[in-house]
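To start, the structure itself, in structure tokens.
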Amino acid sequence: MIEVEGLTKYYGRVRAVSDLTFSIPKGETVGFLGLNGAGKSTALKVLAGFLLPTAGSVRIEGHDVVADPLRVRSRIGFLPERPPLYDEMTARDFLSYVGRLRGMGRAKVELRMKTVMERTGIADHADRLIETLSLGYRKRLGIAQAIIHEPNLVILDEPWSGLDPLQRRHMRTLLSGLRGEHTVLIASHNLPEVRETCGQLLVLREGQLVAQGTEDELVAQLGDDASRIDAPNILEAVFLHLVGPREVAA
Amino acid sequence: MRAVLLIVQKELGAYFKSMLGYLVFAVLLFVDGLLFHGLALGGADKLSATVLTQFFNFTSGVTMIAAILISMRLFAEERRDGTLVLLYTAPLTDWQIIIGKWLSAWTYLTLFLALTAYMPLLVMVNGTVNFGQLLSGYLGLWLLGAAVTAIGTFASSLTRSQLLAGAVSGAIVTTLVLSWQLSARVDPPFDVLFSFLALHNKHFLPFMKGSIHVRDIVYYLSVTFLSLLLTRQVLAARRWT
């Protein structure tokens, strides 16, 4: 599904992502972890076709993001940390616009919109102007626009940021619902939510991949230290072990 | 083409859903009407052709200002609001995005030009209007508008500040207009170059007098294409940097 090989991305002279290599099979929900500035968002933007890599290759379902960008983008839904919404539109008009922008016919959009709005819980707010929606609903609408065209790969950057506990729970349920139907890639700092939602984890440090696997596989890297850590904090400990100073993890 | 029209439709909707869209229309029409009353109709009796020439002359200035105001938001606003990602990650070419954006601004400007038509029609009440001059003048305004909205589109792609985009496109347009003055003050061969670059005096004046030259049409289309090509380079560069 996703094959990344030697992905490197520079912003001017600053190297944001360095020689990233990984692959993700179809249908997986994968968490992208790392401290601020680790290169998560940059890597996601390259995968989504928003940015192009400086070096290396990214293939989505066999299509290269540089050589075949339109085919790649038609298979991807992307939600950046700040939902990209047009405030002057209603939620319904916005979804219709985005769906048609991604090549769907008017009739198909209408049909799909109904399903997506029910699934994301925005059906009751469909005719409200986006500028009047709360952050929780804006995030939901952001997810709705990312899945309106039934993409195979859904990429979400910090979907839980700024949400209150109730909204986080709704988001968790919503993202769990995407499992199986789409391959989902989520970048987040919210370790408990990532733990609940994602089967596979990728950990980045200073632009480089330092670990990949299930939570259990990453815990195994802690060795004997793992037995001294409370279960609810285990992912945090693993995370800090991988990306932070070792004394903090211990 | 479908995607381009979709962007045009959405952008036109954005103009008319905000008060600003109507305000720009109202203010510019008011200014154009005042100029028409004061400069074209005022003073001693004139021939209808002279009134029409003067109308096209000041309306060209208002058109350039309108084109800058209309186009400065095209990309700058999307970058400021973080919505450009929707277009960048959709299966669209950069050209589709650019043409859609520019075409929406040009269509909006065309509506403005259509609304100014009441002034030449007023001339018909007390005089005789040469329809050749009328069509030629409006063709000139339309092409001038195409070029300036394209310059504005380019300026808008450079920054997330609409104000800065407006200032940049204003500076480019002013430079091109003033290159006519510069051409009279420099030695050959630069005088020919600056004269050729003159956005208004060299290429628009013939239109308002009723003369249509291929070289002027080619000039405006070239400025339009070059500006959109530069916009494309900016958009492409943003994906790499």
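Report summary: the helix-based calculation at 222 nm, which adds -39500 (n - 2.57) for every DSSP H run with n ≥ 4 and divides by the residues of chain A, gives -10500 deg cm²/dmol. Within chain B, the selection of entire DSSP H helices by a Cα span of 27 Å or greater along the long axis and an average Kyte-Doolittle value of at least -1.0 returns B:48-71, B:94-115, B:131-158, B:162-183, B:214-240.
Between helix A:234-243 and chain A there is an angle of about 80 degrees, using the helix long axis and the longest principal axis of the Cα atoms. The modelled label-to-label distance between A:SER227 and A:LEU129, using points 7 Å beyond Cα along the C-beta direction, is 6.3 nm. Total buried accessible area between B and A, probe 1.4 Å, nearest 100: 2600 Å².
Sparsely packed loop sites in region A:140-206 (the GluC sites (Glu not before Pro) outside DSSP H, G, I, E and B with at most 13 other Cβ atoms within 10 Å) comprise A:GLU181.
Counting only other chain Cβ atoms within 10 Å of each residue's Cβ, the peptide A:6-12 averages 1. Ligands, DNA and RNA are left out, and with a 1.4 angstrom probe the accessible area of chain B is 45 Å² per residue. A Cβ-based charge dipole, computed about the Cα centre of region B:2-238 with Lys and Arg at +1 and Asp and Glu at -1, lands at about 380 debye.
The sum of -39500 (n - 2.57) across all DSSP H runs of n ≥ 4, divided by the residue count of chain B, sets its helix-only mean residue ellipticity at 222 nm to -26000 deg cm²/dmol. Here chain A is treated as a Stokes sphere of Kirkwood radius computed over C-alpha pairs; at 4 °C and 1.567 mPa s its diffusion coefficient rounds to 69 µm²/s.
Solvent-accessible area assigned to carbon and sulfur over region B:2-238 amounts to 72 percent, based on a 1.4 Å probe.
Beta bridges from DSSP with both residues in chain A: antiparallel share about 50 percent, rounded to the nearest 5. Altogether, the Stokes-Einstein calculation at 10 °C and 1.306 mPa s, with the Kirkwood radius of region B:145-241 over Cα pairs as Rh, returns a diffusion coefficient of 110 µm²/s. As a ratio to 2.2 N^0.38 Å, the alpha-carbon radius of gyration for region B:97-206 is 1.28. Set the bar at 20 Å for Cα to Cα. Now go through A:LYS108/B:LYS17; B:LYS17/B:LYS101; A:LYS139/B:LYS101; A:LYS139/B:LYS17 and name every pair that lies beyond it. Pairs exceeding 20 Å: A:LYS108/B:LYS17; A:LYS139/B:LYS101; A:LYS139/B:LYS17. In whole percents, the pair-distance distribution calculated for region B:2-238 from its alpha-carbon pairs, binned every 5 Å from zero, is 1, 7, 13, 17, 18, 15, 12, 8, 5, 2, 1, 0, 0.
Under the classification rounded if a/c is under 1.5, otherwise prolate if a/b is larger than b/c and oblate if not, where does the protein assembly as shown fall, given a ≥ b ≥ c as square roots of the Cα gyration tensor eigenvalues? It comes out prolate by the Cα gyration axes.
Straight distance only, please: which lysines reach the Cα of B:LYS209 with their own Cα at less than 30 Å, same-chain residues fewer than 8 apart left out? B:LYS209 reaches B:LYS46. The orientation-averaged projected area of the convex hull spanned by the Cα atoms of region A:1-139 comes to 9.7 nm².
Summarising the label geometry, the points placed 7 Å from Cα in the beta-carbon direction at A:ALA220 and B:ASP81 lie 5.0 nm from one another. Summarised in one figure, the compactness ratio Rg/Rh of region B:105-145, Cα atoms and Kirkwood Rh, is 1.02. When both region B:107-186 and region B:32-58 are represented by their alpha-carbon centers, they are found 17 Å apart. Across peptide A:200-212, the average count of Cβ atoms from other chains found within 10 Å of a residue's Cβ is 0.
Between region A:133-186 and region A:100-118, the alpha-carbon centres lie 17 Å apart.
Given +1 at the Cβ of Lys and Arg, -1 at the Cβ of Asp and Glu and no other charges, the dipole of the protein assembly as shown around its Cα centre is 1040 debye to the nearest 20.
The values are calculated or read from the model by the stated rules, or taken from the named source; none is laboratory data. Please read these numbers as outputs of a predicted model, since none were measured by experiment. Cβ atoms come from the backbone with ideal geometry, glycine included; neighbour counts cover every protein chain shown. Surface areas here come from the heavy atoms of the whole protein model, side chains and all, with no ligands, DNA or RNA. Shrake-Rupley method; radii C 1.70, N 1.55, O 1.52, S 1.80 Å.
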